[in-house]
Every structure is written in C-alpha cells, then in structure tokens.
1. Simple spin-label model, 7 Å along Cα-to-Cβ: Met28 to Glu83 in nm?
2. Using 0.36 nm per residue of separation minus the Cα-Cα distance, give me the extension gain between Arg5 and Leu57 in nm, one decimal.
3. Could you grab the Rg to Rh ratio for the chain? Cα atoms only, Kirkwood for Rh.
4. On alpha carbon coordinates alone, what is the Rg over Rh value for segment 52-99, Rh being the Kirkwood radius?
5. Would you order Ile12, Ile47 from fewest to most other beta-carbon atoms within 10 Å of each residue's own beta-carbon?
6. Show me 1-10, 50-59, 76-85, 15-24 ranked by packing, highest mean number of other Cβ atoms within 10 Å first.
Amino acid sequence: MYAGRKVEEASIFDLFDRPFHPYTIGLMGAVPQGGASSQAGDRLADISGTVPPLWDLPKGCAFAPRCPGASARCLEERPPFQEKRPGHWAACWEHDNAA
C-alpha cells in the first residue's frame, strides 16, 4: 500500500522475484542483505521525497512525484489496479519499465 491505496499484490514468491510497482522495488532495495560482505555502516537504499498527505494527494499516481520512472501520464492519471500477469496485480502505467 502507498498513500492509502493498494499498489501491488502477488504471491510472496512472485512479489520478491519480480516486483512491478516502483514503490515495491524501492522497498526491496531497502531490505538489509546481511552476509559476510556486509559492513557496519553500509547504507540502505532509500526512496527520495516524502509520502503526500492523504488530504492532498496528487492528481495522478500518488507515488509519481517520488518515482524515478514516472511519465507525464503518471502525473495526470491515476493508474487502475490491474492484473499485469496471472495472479500479479499492480497499479502502474510504467510497470514494463519499472521491473
């Protein structure tokens, strides 16, 4: 969920293997990896910007102002929550470019 709306839904395996929504991809980048190559002080990836207030959502996709792959359409039209492939749903106009 992002800004009070569902942005992606899939089985846990499908979601972790191939997320579609840029917010989900950003969250996956913020997960500590651990392991022998990790060092104290390693920085996690972050998602720039801030979540918009629910009383003042942007016209199009609520994530568009923070999305590195947002198009003009993303800023103007809210994407529908659609099945992008069997059992994997997302609300993103640019999902082909995000994954």
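1. The answer from the label model is 2.2 nm.
2. Numbers: separation 52, 0.36 × 52 = 18.72 nm, distance 1.11 nm.
That pair, Arg5 and Leu57, stretches by 17.6 nm at full extension.
3. Values: Rg = 14.6 Å, Rh = 14.5 Å.
Using Cα coordinates only, the ratio equals 1.01.
4. Values: Rg = 11.1 Å, Rh = 11.3 Å.
Computed over Cα atoms, the ratio is 0.99.
5. Details: Ile12 7, Ile47 18.
By the 10 Å Cβ count, ascending, the order reads Ile12, Ile47.
6. Details: 1-10: 16.3, 50-59: 10.9, 76-85: 13.8, 15-24: 19.7.
Final packing ranking: 15-24, 1-10, 76-85, 50-59.
Taken together, the values in this text are just the output of simple stated rules run on the coordinates, not laboratory data. Model, not experiment: these values are computed from the prediction. We place every Cβ from the backbone using ideal geometry, glycine too, and count neighbours over all the protein chains shown.
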